[in-house]
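The values are calculated or read from the model by the stated rules, or taken from the named source; none is laboratory data. These numbers come from a predicted model, not from an experiment. When we count neighbours, we look across all protein chains shown, and the Cβ atoms used for this are built from the backbone with ideal geometry, even at glycine. Areas reflect the complete protein model, heavy atoms only, side chains present, ligands, DNA and RNA absent. Shrake-Rupley method; radii C 1.70, N 1.55, O 1.52, S 1.80 Å.
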Amino acid sequence: MDLAVVRARYLELRIALPEARVFYAVKANPEPDVLRTLAEAGSGFDVASIGEITLVLELGADPGSLCHANPVRTPEETASAFAAGVHLFVTDSAEDLDVLALHAPGASVLVRLAVDDSGSATPFGGKFGCSEDEAAVLLPRAAALGLDVAGLSFHVGSQQSDPKAWSGAIAACARVASSSGVELRLLDLGGGFPVRYREPVASLSECASAISDALALAFPARRPELAVEPGRVLVAEAGVLHARVVRVSRRHDGRRWVYLDVGRYGGLAETEGEAIRYRLRTPHDDGPLEPSVLAGPTCDGDDVLYREVPLPTALRAGDPVRLLAAGAYTASYASIAFNGLPPLPVHCTDSAHPVPTPRT
Ligand SMILES: Cc1ncc(COP(=O)(O)O)c(C=O)c1O
């Protein structure tokens, strides 16, 4: 992980959306040096569990800079988060509101709307968020339970390809505000900002301009304060995953299989369904390519990354393979010991402050 790239991406986000409070989604890459870099740059944190809360508080983060954005919480989890000083929670159900009222009395809440995430590489499949009608009921209910109604949040799905996804979601929030009669103090635009893997994607400034146009239309009189919960966009490009070829075999199906020492369970979970297609670099990229199956090292039949990817004919066991833009949702997804293989180790460098080479 190159911390200078994390810093640069954070700055780019601040320039694109200067009014928005930033809660970095810790799940994307919880490496302490990454968290420290972002905290020093001014970021807050989107946390999903007491483990993540403890991690960022131990690094010196202010509990007031945290947002608990995982609405699937046990009562114990809610109480521990509140006791640790977290006072902003995302919620999406009447059941969770009851838990919050009991275990985090007076906390601030953002009601999460389910929005169109069809342009996302990893859509949520309906797991989170409520409908506009439900939100219009939950907002006054939260107030009646003594909670502080901060506003609404949404997430357009990670690696969202269409900047207009934010426009539709912002319009939906404005409709809820008007139907419920609740004035939104804070609007959390979630994460989802895309990163260039194999295909080009919309830039942060293109997403920001779609957001800005939608806000002007939806809230012509008075805009709510803004927040974002970016994960991938801040850390993916900072990371290179250094793998090695374990074996190259032509198998009975006639296809050439290339096995790496890192696979689905060692950090490349987002290759499931080929949702994320990493750019690959080998020492033979100038030579001829041939279609190959790229697989991981474990005994699991699902541990296949790509069913057909062009790879150099000259690729041999022992060759290094670099996966670019692999700093998000990799190490944090790696199994701790499946097949006895160790989790993905993370090394941080800082190209803006290189370690001086000792004089000889
Ligand atoms: C609630 C929540 N916030 C933020 C994020 C970060 O999203 P992304 O990495 O797409 O920016 C996620 C990721 O799934 C999420 O579930």
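Here are a few things to note about the model shown:
- Probe 1.4 Å, protein heavy atoms only - accessible area per residue of the chain in square angstrom: 45 Å²
- With θ taken as phi - 60° and the Karplus curve 6.51 cos²θ - 1.76 cosθ + 1.60 applied, the whole-hertz 3J(HN,Hα) list for segment 133-139 is 5, 5, 4, 5, 8, 5, 4 Hz, x standing for glycine and proline.
- Each residue of segment 14-22 was assigned a 3J(HN,Hα) from its phi angle through the Karplus expression (A = 6.51, B = -1.76, C = 1.60, θ = phi - 60°), giving 5, 6, 5, 10, x, 7, 8, 5, 10 Hz with x at Gly and Pro.
- Rounded to the nearest 10 degrees, the inclination of helix 94-103 to the longest alpha-carbon principal axis of the chain is 80 degrees.
- Amide H contacts of Ala227: Arg21, Leu187, Asp188, Leu189, each under 5 Å away and 5 or more positions distant or on a separate chain (H built 1.01 Å from N in the peptide plane; Pro and chain starts excluded).
- Couplings 3J(HN,Hα) for segment 312-327, derived from phi with the Karplus relation 6.51 cos²θ - 1.76 cosθ + 1.60 (θ = phi - 60°), are x, 4, 7, 4, 10, 3, x, 5, x, 10, 9, 9, 8, 6, 10, x Hz, where x marks Gly and Pro.
- Selected from Leu226, Leu241, Ala214, residue furthest toward positive end of dipole (segment 192-291; charges at beta carbon): Leu241
- Surface/4 estimate of mean projected area, convex hull on alpha-carbon atoms of segment 240-324, nm²: 5.1 nm²
- Computed from Cα atoms, the angle from the helix 164-180 axis to the main principal axis of the chain rounds to 20 degrees.
- DSSP beta bridges in the chain [antiparallel fraction, %, rounded to 5]: 35 percent
- Within segment 149-174, backbone nitrogen closer than 16 Å to the virtual label 7 Å beyond the Cα of Phe124 toward Cβ: 151-161, 165-174
- Rg in Å to one decimal, and Dmax rounded to a whole Å, for the chain via C-alpha atoms: 22.0, 72
- Rg and Dmax, both from the Cα atoms of segment 99-236 and both in Å, are 15.2, 49.
- Amide H partners (placed H, <5 Å) of Ser158, local residues excluded: Thr122
- Options Gly60, Leu138, Ile170, ranked by Cα towards positive dipole end of the chain, top entry (Cβ charges): Gly60
- Against the chain, whose longest principal axis comes from its Cα atoms, helix 204-218 is set at around 20 degrees.
- Considering only Asp92, Asp300, Asp148, the mean-square fluctuation computed in a Gaussian network model of the chain, springs between alpha carbons under 10 angstrom, is largest for Asp300.
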